[in-house]
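The values are calculated or read from the model by the stated rules, or taken from the named source; none is laboratory data. Source: prediction; values computed, not measured. Cβ placement follows ideal geometry from the backbone for every residue including glycine, while neighbour counts extend to all protein chains displayed.
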Amino acid sequence: MKKIYIRNLGITNYNIISSAMHYFTDSRSKNTIDEIWFTEHFPIFTQGKIKKKKYILKKMKNIPIQLCDRGGEITYHGPGQQLVYILINLKLRNINIKKFLFYIEKSIIDTLKIFSIKSYTISKFPGVYINKKKFCSIGFRIKNHCSLYGISYNINSDLIPYSYIYPCGNKLIKMMNLIEIQPNITMKIFRKEFIKIFVKIFKYKEIYKSSYNILNRINFDS
């Protein structure tokens, strides 16, 4: 199966997206087409499976902390940051986890190359870095051979909340916005190029771009 749906959901509530993502994954069959969901979230800290209080320097009264079942530690999501939820059946695509993460990082690195930006990875701290700052964070869960969660990268986000945590559990990490080095960049411009690179690297042959909001068809009360 080499088909994929690409959906742009706009700005959403994290908890609704999380519920929808788990519902989608739990109800998948071998005929379910893979999907990518692009969204932004209202301000929220999400805490992965590695729960260490020392990574939280100070709580912000107006930004909640939400526990989740992805890998990794604490990070921040907010407007101006692109969330990319990657929902792929790795078994059907014959992709192991190591190759999957490599493809994800390569998709970001190759997209940045289009804008003449050099980037790199650090083995112990997953993500993509530019000029000693972190541009893209990565956090996944694999369930029944299917991926949940995904990546986030800052285009023009409020970076102040990161000062209240150790992003991804590393006190040395400094986060960045892409507009710092590409002032005219927009989320739409970068997203368009990322999609081209992503489907090429993952070798998808048929791409469906849908404005239909998949959240509308899910009954969260069931």
Review point. Got at least one residue in segment 187-198 being part of a helix (DSSP H, G or I), touching a Lys or Arg at 6+ places or on another chain (Cβ under 9 Å), of a type in the set (A, V, I, L, M) and surrounded by 15 or more Cβ atoms within 10 Å (Cβ to Cβ)?
Key: yes
Point to revise | Those residues of segment 64-96 which are among the aromatic types (Phe, Trp, Tyr) and without any contact (Cβ under 8 Å) to a residue 12 or more places away in the chain, in sequence order | key: none
Point to revise | Restricting segment 131-182 to residues that are among the basic types (Lys, Arg) and touching a strand residue (DSSP E or B) at 6+ places or on another chain (Cβ under 8 Å), the residue that is surrounded by the most Cβ atoms within 10 Å (Cβ to Cβ) | key: LYS134
Review point. Which residue, of LYS134, LYS118, LYS99, LYS106, is without any contact (Cβ under 8 Å) to a residue 24 or more places away in the chain, at negative phi and in contact with a helix residue (DSSP H, G or I) (Cβ under 8 Å, 6 or more places away or on another chain)?
Key: LYS118
Practice item. Please find, within segment 125-184, the residue that is modelled with the lowest pLDDT out of those that are among the small types (Gly, Ala, Ser) and part of a helix (DSSP H, G or I). Key: GLY169
Exercise for review: May I ask you to verify whether ASN131 is within 24 Å of LEU159 (Cα to Cα) and over 17 Å from the mean Cα position of the chain (by Cα)?
Suggested key: yes
Exercise for review: Would you check if there is a residue in segment 73-90 being acidic (Asp, Glu) and part of a helix (DSSP H, G or I)?
Suggested key: no
Point to revise | Leading residue by the ranking (nearest to ASN15 (Cα to Cα)) among those in segment 101-159 that are aliphatic (A, V, I, L, M) and touching a Gly at 6+ places or on another chain (Cβ under 7 Å) | key: ILE138
Review point. Restricting attention to segment 33-47, which residues are surrounded by 17 or more Cβ atoms within 10 Å (Cβ to Cβ) and under 25 Å from SER107 (Cβ atoms)?
Key: ASP34, GLU35, ILE36, TRP37, PHE38, THR39, GLU40, HIS41, ILE44, THR46
